[in-house]
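Report on the following structure.
The values are calculated or read from the model by the stated rules, or taken from the named source; none is laboratory data. Everything numeric in this text was worked out from a predicted model, so none of it was measured. Cβ: placed from backbone, ideal geometry, glycine included. Neighbour counts: every protein chain shown. These area figures cover heavy atoms from the full protein model, side chains too; ligands, DNA and RNA do not enter into them. Shrake-Rupley method; radii C 1.70, N 1.55, O 1.52, S 1.80 Å.
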Amino acid sequence: MLPRLAVVDPELTYDLPPRISASTGLDALTQLIEPYVSSRANPMIDALCLEGIRRASHGLARAYKDGSDTEARLDMSLASLFGGLALANAGLGAVHGFAAAIGGAFDAPHGAVCAALLPSVMRMNIRALRARAPQSAALARYEEIARVITKSADASAEEGADAVGQLCAELQIPPLSAYGAGPEHIDALVEAASRASSMKANPIALTPEELREVLAGAL
Ligand SMILES: [Zn+2]
């Protein structure tokens with residue numbers, strides 16, 4: 001489904017309550033991080049992703065704390081637009097693979113599901129890349145994300161994942177157990193997530209055991 005016309009107007013977001021600013025904003029951030037490290041990443045989309053990640057990491061906590069912060073709302077509206085363009089052209093990854101499976105099984109907002117999974121998926125992807133594909137361009141991309149988010153020139157890929165985890169904590173993102181997901185659902189959700197189209201664009205193929213660990217870390 002593609003819109004004929006999309007109106008992206010930050011003013012329409014000024015009275016979004018903090019909880020929805022948090023979940024939709026972290027979905028926007030996920031939709032920039034996943035295409036940037038995707039196996040289908042491409043140079044045109046890279047530029048949009050980096051600018052979007054910079055704006056989201058600048059504006060998200062501010063928009064959450066003060067909905068009338070017009071600069072932060074503009075940053076988040078642009079981050080959301082860039083993420084939409086990015087995912088349509090470069091695909092997504094394991095966060096959205098899981099979100100497709102979980103969204104179909106539990107009454108949980110899409111953005112909150114993505115936010116609960118994002119730090120866990122970033123850590124696992126980085127670990128798997130270091131172990132099985134240390135020369136992968138995706139690892140350098142995770143380092144670039146870390147530098148943009150932490151504003152530190154020597155930040156490691158892992159520090160970027162930690163910074164995203166801290167942002168999720170600051171925005172009071174609940175774990176997936178808040179929507180009724182428990183250890184008893186792990187096998188079925190991993191099975192469904194492995195078949196999701198987004199999973200195919202993940203920068204490295206994660207094993208079923210790794211996917212189980214990711215999900216357990218988000219419960
Ligand atoms: Zn999404």
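Worth pointing out:
- Rg(Cα) / (2.2 N^0.38 Å) computed for the chain, rounded to two decimals: 0.95
- Protection proxy ranking of 134-144, 24-34 - average other beta-carbon atoms within 10 Å, highest first: 24-34, 134-144
- Available extension along the chain between GLU191 and GLU71 is 39.0 nm, counting 0.36 nm per residue and deducting the alpha carbon span.
- Apportionment of accessible area to carbon and sulfur, the chain, percent (1.4 Å): 56
- Once both labels are positioned 7 Å from their Cα atoms along Cα-to-Cβ, the gap between ALA137 and LEU12 label points is 3.4 nm.
- Taking the chain as a Gaussian network of alpha-carbon nodes connected by springs under 10 Å, the highest mean-square fluctuation of the residues GLY93, GLY103, GLY111 belongs to GLY103.
- Per residue accessible area in Å² of the range 84-132, where ligands, DNA and RNA are left out and the probe is 1.4 Å: 32
- Among ARG54, ARG132, ARG195, the largest mean-square fluctuation in a Gaussian network model of the chain, built with springs joining Cα atoms closer than 10 Å, belongs to ARG132.
- By accessible area with a 1.4 Å probe, ligands and nucleic acids excluded, highest first: order of HIS96, HIS185: HIS185, HIS96
- Centre separation in Å (Cα based) which lies between the range 135-156 and the range 47-68: 18
- Relative protection proxy for 113-119, 197-203, from highest mean packing down: 113-119, 197-203 (other beta-carbon atoms within 10 angstrom).
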